[in-house]
Amino acid sequence: MSSSTAPVPGPDPVRDPLAPAATRGGARRSRSAHGIEDLVELLRSDAELGGRFSRWRVSPERAAEVADWPSALDPRIVELFRARGVERPYAHQARAIAAALAGRDVLVTTPTASGKTLCYTAPVLQSLVQSRGRARSMWLFPTKALSQDQSANLNRSIEALCSTNQLGEPWHSFTYDGDTSPSIRRTLRERGQVVLTNPWMLHTGILPHHPKWADLFRNLETIVIDEVHTLAGVFGSNVAGVLRRLVRIAAHYGASPRFLLSSATLHDPLGHARALTGRAPELVERDGSPSGARHFAVYNPPLLNAVAGLRANALEEARRLASRVCGPQHQTIFFVNRRTAVEVLTRYLKEAAAELGLRPEEVRGYRGGYLPDLRREIEQGLRSGAVKVVVSTNALELGIDIGALDVAVLVGYPGSQASFWQRAGRVGRRSRASLTVLIARSDPLDQYLATHPEYLFEAPRERTALDPDNLVSLAEQLKCAAFELPFREQADGAVRGFGDSPQVPAILDYLAEESQLLQKRERTWYWIADAYPAHHVSLSGNEPDNVLVLDAETDKAIGEIDREGSLTAVHDGAIYQVEGRTWKIERFDYANRRAYAREVDTDYYTEAETDTDLRVLRLEQCAARARDYAVFRGEVHVTTQATVFKKVRFYTRENVGAGEIHLPAEEIDTESFALVLEEDVAQRLELDGATWHGLGMLVRRVAPLYLRCQPQDLGLSAQIRSAHFARPSLFLYDRMHGGAGLSSVVFRAHRELLGAALDVVRACPCRDGCPACVGPVVEVGPLGKAGAMRVLEHLVEGDGPREADVGLYDPPGDAPREP
């Protein structure tokens, strides 16, 4: 297989699984490149905003590195690709296809828009051609929208391949999700060659009913999983269990499918793939696709008060920047990190549309919770160019086809390098020049990146938390697996076919003896309960139900939200927003998961606050620096109560009122990291409660630098005198029942986290504290910043802690022992 770096003639292919979004080998400049470069120059020289850009960087155009098609690939498939404008594949595509055709598991981790879809489409088509349609393939995507988007493109490819070749009966490929009609479901079960679905539907709709899918499992040759970097934490751990069940059922029918995986760049891609699938795939990570010039900028809002370190609000600065980067000649996407921010910024930009040279309908919002028809309408508008500006959460971060946009503005760091590059990858496709601007918020993580932007362009440092053998996840998945097929104990007492955890037999015994869901007869566990377990097991770790938001006058659905988020978003008196329209929640029926809203014309939105109580249940791991500090990993019980909400005026962010929230508390048992400071050290460092809490907030906010999570995935409890340890204790806990493995990563990486937190405090220009470091002075006190710096310097200097016996830190005699 030969490769080269040279232009290859051919038309720009339409975005398609068979045609990555760039001309093969094309070093040709897009007509819009000059426009982007002119925009960059205008921004850099802008009298008002130019000085707020703290960093600029450009990645120059890159020619394609192409290769010959693998000789094992059927010539009819090669001709199909060529007819679509793909004369030769990129080098990474050729390598991935060759490895898959050789029967190996494959993981491709090249960037967004590099043509990863082709890497798994070609081998799947090959298996269909060779078997004359008998082979089966299952494709898993993290969202329904993405599976539907890929299905349309795959169907066009299959139709083209079948119509030009004598390949027997027509092949069937379609999505299988909650929107699939009964007739299509029947066709897919009986003779569907490719089933495109998502982990939730596989979990509840396919695996428990595997006898109906016997033909699929008997002939299953490939399992395609897209965007595997999203499969982390509790969700990823549960999906790993679902994949164990999938492989186990396939083996029951005599099949041994291989995995074809694609992902954004990861810190340890092979380790993540092994944890997820139990396999060691061949890694393909060198990118051979071309790229237009990519301009990157970090925009740091101006200091409004240098002493207090107070910066202008990032959302307000996005509105100001929009007047320069939005217009009728190109398409701009704003990424924000909260649903409320989507609605606020969409409202701002719709009201300013005329000043931008646009009509209000050319500005749209997009987020989870919008109804499917509205999302499809917005996606089509982006593809056609009718929508010029879109404001989105991470809902448009993944590979849904929205065309080739030009400018991306990230209002705040999204929480991981992978998410940053996924969002930046939404612009500049088809070798067009692009601009990505990161607006830094008054947040420690954002301010760290404002002064250390090189972090974004270095190899990933974030560890991915994925623990398929977590007791809670494992027990729940074993229930589902036992319902599907009995478990048999081997002569040595082990249970094969469900990972390597030695805990499986003990969990099965517990489910038989204590829960009475199973019965063990002659070394075999059988499911005996009436319940249908998968329906009651949530992959996200929360209760498997959402709250529907209804118009109080018409009873028509206007949106939905997850149950946990509903406690702070749709409580009585909350303002719920959809594309700039505001609705006031009149009644939240928590028990029946219904919120009733009435549309109002209001000048404010709402933000809720919560209180948290944490109790230690069990300590499992300890490391200590003698007579100084110790760190722990263990189990805790956490109670969270939504208490009050604030009314915040649009534009000015003025607090114009408040109200109480009366909803049940959330209680979870989960895993936690704890940092415990010796009492005499705390006294010497003059530690007080406000400083300790500010330091904890800072460490939590910089955590995503070293583990793949959002700051909100970690809960915080800063106790100046812990009931368990009788010492100052800082807890960072997984905010999911049973834990997601995040606390284990924090335990291992805590020294790096403390070092990054110290860097933030030292670099912050404020005098006494601000939201960009330890928190505002009103929260941490006038000595908060200096105190946090003393503690961090003390913790970071010298050697790290060494492994110690957790028993040395049992509660002292005068302290209450936790249950």
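The values are calculated or read from the model by the stated rules, or taken from the named source; none is laboratory data. Here the structure is a predicted model, which is why all the values come from computation and not from measurement. Backbone-built Cβ (ideal geometry, glycine too); neighbour counts: all protein chains shown. We work out accessible area using only protein heavy atoms, side chains counted, and drop any ligands, DNA or RNA first. Shrake-Rupley method; radii C 1.70, N 1.55, O 1.52, S 1.80 Å.
The residues packed around Ala665, meaning those with a beta-carbon under 11 Å from its beta-carbon, carry a net charge of -4 if Lys and Arg are +1 and Asp and Glu are -1. Going by Cα centres, the stretch 80-123 and the stretch 669-733 are how many Å apart? After rounding, the separation between the Cα centres reads 46 Å.
Local charge for Thr277 was computed over the other residues whose Cβ lies under 12 Å away, with Lys and Arg +1 and Asp and Glu -1, and equals +3.
From largest to smallest, the equivalent ellipsoid semi-axes obtained for the stretch 63-218 from the alpha-carbon gyration tensor read 27, 18, 14 Å. The GluC sites (Glu not before Pro) found in the stretch 464-533 that occupy coil by DSSP, while having at most 16 further C-beta atoms within 10 Å, are Glu514, Glu522. In terms of distances greater than 27 angstrom between alpha carbons, the cross-link table entries Lys144/Lys556; Lys388/Lys584; Lys212/Lys479; Lys350/Lys646; Lys350/Lys584 yield Lys388/Lys584.
Using θ = phi - 60° in the Karplus curve 6.51 cos²θ - 1.76 cosθ + 1.60, the 3J(HN,Hα) couplings for the stretch 57-72 round to 8, 10, 9, x, 4, 10, 6, 6, 9, 10, 9, 6, 5, x, 4, 6 Hz; x is entered for Gly and Pro. Here each label is just a point 7 Å from Cα along the line to Cβ, and for Ala280 and Glu514 those points are 3.6 nm apart. Considering the stretch 198-315 at the alpha-carbon level, its Rg and Dmax are found to be 21.6, 70 Å.
Short to long, the 5 Å bins of the Cα pair-distance histogram for the stretch 721-772 hold 4, 15, 15, 16, 23, 16, 8, 2, 0 percent of all pairs. Once the 1.4 Å probe is applied to the protein heavy atoms, the chain comes out at 39 Å² accessible per residue.
Near Thr464, the amide H atoms lying under 5 Å from its own belong to Asp268, Arg708; only residues 5 or more places off or on other chains count, and H is placed 1.01 Å from N. For a modelled paramagnetic label at Ala626, 7 Å from Cα along Cα-to-Cβ, the residues of the stretch 676-702 in reach, with backbone nitrogen under 17 Å, are 678, 681. Rounded, prolate or oblate: which fits the stretch 519-582 when a ≥ b ≥ c are the square roots of the eigenvalues of the alpha-carbon gyration tensor, with rounded for a/c under 1.5 and prolate only if a/b beats b/c? Taking the square roots of the gyration eigenvalues as a ≥ b ≥ c, the stretch 519-582 is prolate.
Sum up the charges of everything whose Cβ sits under 11 Å from the Cβ of Ser501, counting Lys and Arg as +1 and Asp and Glu as -1, but leave Ser501 out. Value of the local net charge: -2. Would you calculate the separation in nanometres between label points at Arg359 and Arg563, each defined as 7 Å from the Cα along the Cα-to-beta-carbon direction? The modelled label-to-label distance comes out at 4.4 nm. Per atom type, the stretch 488-622 shows carbon and sulfur on 41% of its accessible surface, probed at 1.4 Å.
Proximity of backbone amide H atoms, modeled 1.01 Å from N, is registered between Thr610 and Thr643 at under 5 Å, excluding neighbours fewer than 5 places apart on the same chain.
Stretching Glu48 away from His452 to a fully extended chain increases their span by 143.0 nm, per 0.36 nm per residue minus the current alpha-carbon distance. Would you mind telling me the share, in percent, of accessible area of the stretch 102-192 contributed by carbon and sulfur at probe 1.4 angstrom? Ligands and nucleic acids excluded, carbon and sulfur give 48 percent.
Of the solvent-accessible surface of the stretch 347-428, computed with a 1.4 Å probe over protein heavy atoms with every protein chain present, carbon and sulfur atoms account for 49 percent. The GluC sites (Glu not before Pro) of the stretch 573-658 that meet both conditions, a loop assignment by DSSP and at most 13 other Cβ atoms within 10 Å of the site Cβ, are Glu654. Only protein heavy atoms count here; on that basis, with a 1.4 Å probe, Arg311 has an accessible area of about 40 Å². Using the Karplus relation 6.51 cos²θ - 1.76 cosθ + 1.60 with θ = phi - 60°, the per-residue 3J(HN,Hα) values for the stretch 673-688 come to 9, 9, 10, 10, 9, 5, 4, 5, 5, 4, 5, 5, 8, 6, 7, 10 Hz, with x marking Gly and Pro.
The stretch 462-520 to the stretch 38-67: how many Å between their Cα centroids? The distance from the Cα centre of the stretch 462-520 to that of the stretch 38-67 comes to 53 Å. Per-residue 3J(HN,Hα) values for the stretch 620-637, derived from phi via the Karplus relation 6.51 cos²θ - 1.76 cosθ + 1.60 with θ = phi - 60°, read 10, 8, 9, 9, 9, 10, 3, 6, 9, 8, 9, 10, 9, 10, x, 9, 9, 10 Hz in sequence order (x marks Gly and Pro).
Amide H to amide H distances under 5 Å link Arg364 with Val389, Val390, Val391, where only residues 5 or more positions off or on other chains count and H is placed in the peptide plane.
Counting every pair of alpha carbons in the stretch 247-377, the share spaced more than 19 Å apart comes to 71 percent. Among Arg423, Arg587, Arg615, the order of accessible area from largest down is Arg587, Arg615, Arg423, computed with a 1.4 Å probe on protein heavy atoms.
Taking every alpha-carbon pair under 8 Å whose residues sit at least 6 apart, the chain reaches a relative contact order of 12 percent.
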